[in-house]
Structures are given as C-alpha cells and as structure tokens.
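Let me begin by presenting the structure, written as structure tokens, before commenting on it.
The values are calculated or read from the model by the stated rules, or taken from the named source; none is laboratory data. Predicted model, so just to flag it, every value in this text is computed and none were measured. Backbone-built Cβ (ideal geometry, glycine too); neighbour counts: all protein chains shown.
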Amino acid sequence: MCSETTTIGHRVQGVPAALAVGQQDNAWPSKTIPRNTIRPVEAIPSDEPRTPRSPYHGPVTSMVAQDAAAAGVTGDGAAAPARRASARTYRVRTFGCQMNVHDSERLAGLLEAAGYRRAAEGAEADVVVFNTCAVRENADNKLYGNLSHLAPRKRSNPDMQIAVGGCLAQKDRDAVLRRAPWVDVVFGTHNIGSLPTLLERARHNKVAQIEIAEALQQFPSSLPSARESAYAAWVSISVGCNNSCTFCIVPSLRGKEVDRAPADILAEVRSLVDAGVLEVTLLGQNVNSYGVSFADPELPRNRGAFAELLRACGRIDGLERVRFTSPHPAEFTDDVIDAMAQTPNVCPALHMPLQSGSDRVLRAMRRSYRAERYLGIIKRVRAAMPHAAITTDLIVGFPGETEKDFEATLDVVRQARFAAAFTFQYSKRPGTPAAKFDGQLPKAVVQERYERLVALQERISLEANRALVGHTVEVLVATGEGRKDTATARMSGRARDGRLVHFTAGEQRVRPGDVITTAVTGAAPHHLIADAGVLTHRRTRAGDAYRAGQRGVGLGMPGIGRPVGAAHAVGCPAGCGQ
C-alpha cells in the first residue's frame, strides 16, 4: 500500500494543491521543451552524447567513504567515472512502499555513478527525481501537486531537470507530459537503469524523453546503490506479482513475478554484512511464492525455497537481524514458520496482510484464503514464537461491503490482536476490476467504519504495548525514527519484534547503528518509552560508519543466471550459496 512521501536523504512535507493544468499548459514556453513531443530512446541517433555506462557490475563492495568516492576511487580500487568540474546535484523523492524505497536507493546509486552528487539539505537540486506509487488516488495527487510546485522554478531555470519514474509513470506514460509538460524524463518500473542516459539526452536535445519497458530488463539489485543507512538494508528477492487481487493495480505495472537466484541474494547479503550492515529486510510482492519463477532457467521450481533462504541467512556470520515483507496468507506454509522459529537471527515479527475479515469480501477481492485460514496461521506462528509481533494491512469500504462484512473484520481484528495495522480506505483505481464493481460506498460510510476500526486497533495496540512495561528490549539504534527526539532528549530505534522504542541514552555515547538494551517504562499505541537509561551498549562497525559519515555504496550484483563457480549448499536449491 502507498505510504507517506520520503526522500533520499530528507523527508518531504506536503505541497500546495496542484495548479490548474490548463493554466500551466497555456503559460509554458514551448521553446524550452516542445509540448507533447515524445521521442523514444530508440529514435535517438547513436552518435548523440550518452552518459558513460556505469562500470559497477560485479560484487557489492564494502562501505565506501564519501571522500574516497570524491577522490575517484571505487571500493574495489578501480578508477571511478570522471566527475564534472562542477557536478550536477540530485534529489530523489519517493512515494509508496518499501519496494520503491529500495528502487530509490538504486536510482541514487545510478546518478552518483554517473557523476551526480546528492544535493545538500535545504539546497535546490539540479535534478529532481520522483519515484512514484499508483496504489492509491492520493499518490496521483501528491505527484502532480509536487510537479506543479516545481513548475515556476523550472520556468525560471530551464537547465533544471525533472524526472518521473515508478508505478504511476508506468501507468500514465505520456499522460505525465500532457499534464506536466515541463517534465524532462518519464521512465517505468522495468528500466530504472536508463535514468542517467535519459537525463543526458533530454538535456542535450532539449526534448522530453520517455521510455516505458513492458518487461523487466534487469534486477534492480544489479544496479549501483546509494544506501542511506549504515546498519540496515533492503534486499530484493523477486520483482512482480502473479496474484490478481481485484483492487490492486501493481501486477499490471510491475509485471509477472521473477525470482532472483538464491546465490545472488546470499552474496548480496554477505557483502552488506561485510560493510557493517546488521539487519536486512528481504523484499518481494509475495515472498511465499519465491522459488516458483526463477529467472535462471537452470534452477528448478522449489516451493520450499523461501524457508531455505531464511535458514541460509541464519548461517551468515555477523547478520544479526533478518526481516521480510510481504507474505500472502494463501501460500503461507508451516516450513516458513519453522524456519522463523528455528533461525535465531530471523526476527519474531510477521507482517501479513488480511485486507478484510469477511469471507464474502475476500472472495470479491480475489484473495484466495478465508478468515479461518488466516487466524490458523497466526495461531501456529504464536505457538512457535509466543512473543512474535504480528502486523497487517486492512481495507475499509471495499465495493459492496455491508455492515455485517465490516463487523466480521472487527471480529477477526479482536481475535488476531495485531500489534499494529496499516488501515486504508478503499481507493478506486482505474484499470482494476473492483473499480467497475457495483456497490461503491459513500465516503461518509467508509469514513465512519474507518474510524471505528482504527479506534479498536489503537486500543489493542496500547494494551499489547503496556504489557511490555518492565520488560527488557534490545534496540538497534536508528536515525529519523523519532520526530520528537530533539525536544525530548531521547534517541530511537527498533526492538527485535519491530516495535519502535524511544529511549534515554543518558551519558552513554550511543550512535545510530549501535545496539543497546533498555527497560520499557511506558507505552503508547505506536511506540514504547524507555526512560530508565541504557542497560548495555554495544558499539558496532555500523555505528563507526555512521559517525564517520560513510554511506552504503553498493556497486551492483549479477542479476540473471547462476554465478560462475557457485557452490551448492545442503538444504538449498541448486546455486543457493557458498
């Protein structure tokens, strides 16, 4: 589901409502960017200037200091691409899910590999990239509102560039340029690696560039990456989705599921750990189906591949925390529960979307499970991991939802006792089957049900968090998690079960990336308070890197096929790891 806007390096606040498109159209100077002119990349003559192709294909390096990169040396000792005397600056703004956050790190890595540098906080960037979401209507509004906000600046500075990528770009295609003709580049979900070349061509030719691929060109993990965190990283295990939920547009924008080879995934995780990363989150639209759609045709289908991947992560020295998102209840199997419970570094946390507690609504959503099965999974997870924190996604106001259907959702929420729930009002998305369903509900009805559901879940979350008062928790210290940390003189981080903890460090020199233990002294629905001081403090290489100002620089991983010389590990499919 779509979440708040984030920015690589900075958090973005809301912008004024979009300016009238017609007014912008009429006012826009066509001499800067010809309106409604779309030239596919293939149409550009080959002798026109091209951005040098990134040399970053091969093993991920360890952490690279920014000053080393500026000196022109990469992590493997090779010369970096020559930077312009005055490098152009960039900022990436991200709307949506964790997959988009992961892709935005790749976009930042691509731009830095091509010689751009991240804009300083508060400074205007030469290039602004929007990585968009299409799951909810407000994502459209956010994008076009932000684009309208930038229009006056673009008009006064034609050399500035604006690029739009991600799911909304894949959906709207050339409509982006019709609504915002001052945009320079539009690219889709399957070809994020094209961004530097498209920017260079748009700048050289003074013509907007659009490139929307219909199929995946390369795994995002094969591209350079500029991570914001020294201690935590996203690792994509698959892209795309084979499900057909009637409310969701993602499969039509991300394509069919394609799985990475286990060896590639484990090699990336090892490289991240070598760089000081303590926590990885395995990403997929449906992680439970991992193993049935390997990109490498030499790898056999293996429905147990995800459980085996979790266990393989457990054998990586130095990897302290493993998380994953998101599983689908229809394909959630007991071997995954066993792997979670028996692998010490897999966190006791599970985010599993429910969407509705009504079997009738689940059927209309084309969610191939029912409430009884969902609750059965939760029961088995808690039997194996009694202290697991289970979170979910819920949709209120799906077409045709009756009061009885909604009460069924409330009943499942009471039984499940989620630690937290991401609750959304149904958003009608053109191109999805549900958009044409009868029984679209009035806004007032949806809002009233939404407020009742949120109130119930907040009570449950508060009760669960209050039960932890007096308990000791281990916290991986983070940055950017506590909006009031400065005012309250606290620091923040995540417990192993994913709960947010605000704690008082006292005289301890605790840094983001360090690991502490502390006692819980208070609770709220969405966080824990620990004001009794730090009980233990472990300094880590991730904390060292944070203090030194180093950023995680990944130089790309092989994306397709079995790595040469990869060994076959016991308990894994062919090529599972070293």
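Any residue that is among the small types (Gly, Ala, Ser), closer than 30 Å to residue 425 by Cα and not in a strand (DSSP E or B) - is there at least one of those in the range 473-480?
Yes: one or more hits.
What's the number of the condition residue 142 fails, among (1) buried (at least 24 other Cβ atoms within 10 Å of the Cβ); (2) farther than 18 Å from residue 183 by Cα; (3) touching a Gly at 6+ places or on another chain (Cβ under 9 Å)?
(2)
Taking residue 317 and the conditions (1) part of a loop (DSSP other than H, G, I, E, B); (2) touching a residue at least 60 places away in the same chain (Cβ under 8 Å), which numbered condition does it fall short on, given that it satisfies the others?
Of the numbered conditions (1) part of a loop (DSSP other than H, G, I, E, B); (2) touching a residue at least 60 places away in the same chain (Cβ under 8 Å), the odd one out for residue 317 is (2).
Which of the residues belonging to the range 294-314 are surrounded by fewer than 18 Cβ atoms within 10 Å (Cβ to Cβ) and outside any loop (DSSP other than H, G, I, E, B)?
314
Quick check on this structure: which one of 228, 211, 257, 200 is of a type in the set (Asp, Glu) and closer than 30 Å to residue 540 by Cβ?
Checking each option against the conditions leaves just 228.
For (1) modelled with pLDDT of 95 or more; (2) surrounded by 15 or more Cβ atoms within 10 Å (Cβ to Cβ); (3) over 29 Å from residue 138 (Cα atoms); (4) more than 29 Å from the chain's Cα centre (by Cα), each residue gets a yes or a no:
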residue: 372; (1), (2), (3), (4): yes, no, yes, yes
residue: 386; (1), (2), (3), (4): yes, no, yes, no
residue: 394; (1), (2), (3), (4): yes, yes, no, no
residue: 401; (1), (2), (3), (4): yes, yes, no, yes
residue: 412; (1), (2), (3), (4): yes, yes, no, no
residue: 441; (1), (2), (3), (4): yes, yes, no, yes
residue: 449; (1), (2), (3), (4): yes, yes, no, no
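Looking at (1) modelled with pLDDT of 90 or more; (2) in a strand (DSSP E or B); (3) within 21 Å of the chain's Cα centre (by Cα), find the lone condition where residue 226 falls short.
(1)
Please specify each residue of the range 134-190 satisfying the condition of being polar (S, T, N, Q), farther than 19 Å from residue 100 by Cβ and assigned to a helix (DSSP H, G or I).
Those that are polar (S, T, N, Q), farther than 19 Å from residue 100 by Cβ and assigned to a helix (DSSP H, G or I): 148, 156.
Looking at residue 242 and the list (1) touching a strand residue (DSSP E or B) at 6+ places or on another chain (Cβ under 6 Å); (2) surrounded by fewer than 19 Cβ atoms within 10 Å (Cβ to Cβ); (3) of a type outside the set (Lys, Arg); (4) free of Cβ contacts under 8 Å to residues at least 60 places away in the same chain, which single condition is not satisfied?
(1)
Hey, can you tell me all the residues within the range 160-197 that are surrounded by fewer than 20 Cβ atoms within 10 Å (Cβ to Cβ) and modelled with pLDDT of 95 or more?
160
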